[in-house]
Amino acid sequence: MPDPSNTEIAAALDELGDLYELDGAIIHRVVAYRNAAKAVRDASESISSLARQGRATELAGIGATIQEKVLALADTGEIPALGRLRAKFPPGLVAMTHLPGLGPKRARRLYDELGIDSLEALRSAGEQQRIRGLKGFGAKAEDAILAALTTFEADGPRRREVLSRALAVGERLVQALRAEPAAERVALAGSARRMTDSVKDLDIVATAHDPAALARAAAALTLVESAATPGENAVRLLTHSGLHVDLRIVEPDQFGDVLQHLTGSKQHNAALREYAVRRGLHISEYGVLDDATGETHRCATETEVYALLGMDYIEPELRENRGELEAATQGRLPDLVTVGDLKGDLHCHTAASDGTASVEQIALAARAAGYEYLAITDHSASMGFGAEVTDEQLRSQIELVRATQVEGLQLLIGSEVNILPDGSLDYPDELLAELDWVIAAVHTSFRMPAAMMTARIVRAIEHPYVDCIAHLSGRKIERRAPYEFDFEAVLEAAVRTGTMFEINSNPDRRDLNEVQARAAAAAGVPLVINCDAHRAAGFAVARYGVATARRAWLGPAQVANAESWARLSAHTKHGRAAGSRRTS
Ligand code: DGT
Ligand code: CA
Ligand code: CA
C-alpha cells in the first residue's frame, strides 16, 4: 500500500473537522482539524514521510495527536475516530455542509427535522417547497439553496488553485530545477506567469545539456509526489500540494519560441498566429516560418519572436488578447506599474480590530516593506465579527496613532467603515471628519437585490468623507462570487464625486478585478493598491494587487499610492475639504 498523499491526508482531516462539527464538538477541535488540513495541503513535502520520522509536528498546525492520526492512516489505511464518526452520519450530510451558504449547523437541522440526508434529497425537498416551512429558513433561503445546488453541480468539486498557493510551489520548483546539474535555463510559463487570479496547472520550460537526466531529476524532487514516466524532453508531475506541472525541456535556440507558446494565453496565441499569417508568417512553438523563403527562424528569446512580427516585447500579464497586439505594433504598450513604485499603503488592521500587530509593529513592517506612509484603518463598529472599534475606541486610537512616531514613516489615522444595508455609515460625520483617510466597504448583507446593492454603494460613495471604496465586488477567488450590483452606475458615482477605488492585494480577493480596474482607470478614477494587512508579514501580498493592476494595463500615473502622501491627499475628499478650509 503506497503512503497516503498530502491531498488524501488533508481530505481526511477536513472530513474529521466536518464530522466533529456535525457532532457538536467544541469549536477549537473543529478549527484544529481544519488548520491541520490546510497545513498539510500547503506543505511542499510528503507528510506521510515526515510523520514516519516524527517530524510532521514541525509544521505549524500539526500536533502530536494529528501526527498519530496521519501514522494510523499510513499504516492501517484508516483513522479510527474517522470511522466512528462516519458511522454516525449519512455520507450525504457531509456533502450538504459544503454547500455554500448552508454549513454544518443548518445542514444538521435539515437532517434532524426533515430527514434530508443527501444533496439529491435536498434538491427534491427544495423543489417541493418543504424547506421554507422550517423555522429560520423561509422562501428566500430555499431559493438560495436551490441556486447553490445548481452552481455546485455545474462547477463540480474540482477547483482551480488560487495564484498565491500555486506560486508558492511553482517558485520553489523552479529554484529546485535550477539547482540540478543537468539544468541550464528554467522558467515558469502558462497562466502562473501571466499572474491570473487562479491556475489549473503549472507550466515550466527548461533547457538542459542532458534533457533526459533533468526529466528524471524533476520526477525525483522532494516537492514532487508522483510523476508520469519521464520522456526524452517532457514530464508531467504532481506536487504534494496536488498541483499538476507540465515540464518541457527544449533546445536553447528555441527557448523563446516555446516559452512564448506555453505562456499563452490561448487567445493571445490565436490572435498572434492570425496576425502573423496576414504577414506571410507561420508562428508555432517550433519557430517562425517565413512563407516567402521557406526558412524557419528559431528564437532563443521572446523579444526576438515579437520582433520578427514587428512588435515590441509584450509583458506576460498583458497577453490576453485585449488590445496588446495592436499596441505592440504601434509602440504604445503601457509602462506597467511595479511593486517598487508603491510609496505607501492605505488599508491595514491592528489588534484594535481583527489584526494581530500593534500600531507600532505594523508601522515598522510597512517601513521595512519600503513604504513612506501607512494608514491604520481598523474596522468600524458594525462589521459584525466581534472585532470592531467603537466611537470611543476610535477617539483613543486617533490619539495613539498621532502619538506614535516611526522614523521615516508617516502614520495616518483612518478607518475601514462598514457600509450599512441602507448605505449609511456607522460613525458620526464629525468623527469621520477628524480622520486623514476613510475607506468604506460592504461586509454584511451580501445577498440583497442588485438595485438595492447599487443604491447602497452609491450612497456611500456620495458621502462627503468617504475617500475610497475597498474591495468593491466582495468576491473571494474560487470561493465566493461577487455580490450583484451595477458596476457602471457605481463607477459613474465615483467619477462624479471624486472617490477612489481600491485594488485589494489579498490574493484571495484581488478586488477590483483587472477588467473593472481598467475601466475605472479609463474613466479617470484613481486606484489605490492596498495590502489589507492583518499582521506584520501582511505586506508581502502587494505583488498580487500589482499583478492585477498590470493586467489592467495600469502605469504608475494611474495608481494613487505610487504618489507621495502630500500629492495623493490633495485629491482625497479629506484633503480637498482641508484645502477649501485653508483657502476660505
Ligand atoms: P490554466 O488553465 O490556468 O492552466 O491556463 P494556461 O494558460 O496555463 O493553460 P494551459 O496550461 O492549458 O496551457 C499552457 C499554454 O499552452 C497556454 O497558455 C497556451 C498554450 N496552449 C495550450 N493549448 C493551446 C491551444 O490549443 N492553442 C494554442 N494556441 N495554445 C495553446
Ligand atoms: Ca497552466
Ligand atoms: Ca498545462
Along the Cα→Cβ direction, 7 angstrom out, place labels at Leu146 and Ser358. What is the inter-label distance in nm? 5.6
For segment 236-253, just list the computed ³J(HN,Hα) in residue order, Karplus coefficients 6.51, -1.76 and 1.60, θ = phi - 60°, integers in Hz, with x standing in for Gly and Pro. 10, 10, 10, 7, 4, 7, x, 8, 7, 10, 9, 9, 10, 10, 10, 5, x, 6
Under the helix-only model (-39500 (n - 2.57) for each DSSP H run of 4 or more, divided by the residues of the chain), the mean residue ellipticity at 222 nm, to 500 deg cm²/dmol, is -13000 deg cm²/dmol
How far apart, in nm, are the 7 Å Cα→Cβ label points at Gln267 and Ser445? 3.6
Nonlocal amide H pairs with Cys468, under 5 Å, H built at 1.01 Å: Val438, Ala440, Met500
Ranked by how many other beta carbons lie within 10 Å on average, peptides 189-195, 406-412 from highest: 189-195, 406-412
Among DSSP beta bridges lying fully in the chain, give the percent that are antiparallel, nearest 5. 45
How much of the DSSP bridge set in segment 161-249 is antiparallel, in percent, rounded to the nearest 5? 75
Modelled label reach - His571, point 7 Å along Cα→Cβ, segment 324-350 residues with backbone N closer than 19 Å: 334-347
Please list 471-480, 426-435 highest first by mean number of surrounding beta-carbon atoms within 10 Å per residue. 471-480, 426-435
Restricting things to alpha carbons, tell me how big segment 255-329 is in terms of Rg and Dmax, in Å. 11.1, 33
Could you tell me which of the pairs Lys88/Lys140; Lys69/Lys200; Lys38/Lys69 are separated by over 19 angstrom between their Cα atoms in the structure shown? Lys88/Lys140; Lys69/Lys200
In Å, what is the Rg of the alpha-carbon atoms in segment 323-446, and how long is Dmax? 17.9, 59
Please report the relative contact order for the chain, taking Cα pairs under 8 Å with a sequence separation of at least 6, and give it as a percent rounded to a whole number. 9
Stokes-Einstein diffusion coefficient for the chain at 4 °C in a medium of 1.567 mPa s, Rh from the Kirkwood formula over Cα pairs: what value in µm²/s? 48
So what are the ³J(HN,Hα) numbers for segment 392-406, from phi and the Karplus equation (6.51, -1.76, 1.60; θ = phi - 60°), rounded to whole Hz, Gly and Pro as x? 4, 5, 5, 4, 6, 5, 4, 5, 4, 5, 5, 8, 7, 10, 10
Using just the Cα positions, wrap segment 339-583 in a convex hull and report its mean projected area in square nanometres, one decimal place. 11.9
Starting with the highest mean, order 528-540, 136-148 by the number of other Cβ atoms within 10 Å, averaged over the residues of each peptide. 528-540, 136-148
The ³J(HN,Hα) series, computed from each phi in segment 345-352 with the Karplus coefficients 6.51, -1.76 and 1.60 at θ = phi - 60°, rounded to the nearest Hz and given as x for glycine or proline, is 9, 10, 7, 8, 10, 10, 4, 5
Residues Glu304 and Arg479, FRET efficiency given R0 of 30 Å [Cβ-Cβ distance, rounded to 0.05]: 0.15
Footprinting proxy, Ile314, Ile419: sorted fewest to most Cβ within 10 Å, the residues are Ile314, Ile419
Would you mind listing how long segment 129-229 runs along its three principal axes, going by Cα atoms, in whole Å with the largest first? 70, 27, 19
For a label point 7 angstrom out from the Cα of Gln393 toward its Cβ, which stretches of segment 328-367 have the backbone nitrogen within less than 17 Å? 348-360
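Since every read-out is calculated from the coordinates, none of them should be taken as a lab result. Given the structure is predicted, the values throughout are model-derived calculations rather than measurements. Reconstructed Cβ throughout: ideal geometry from the backbone, glycine too, with neighbour counts over all protein chains shown.
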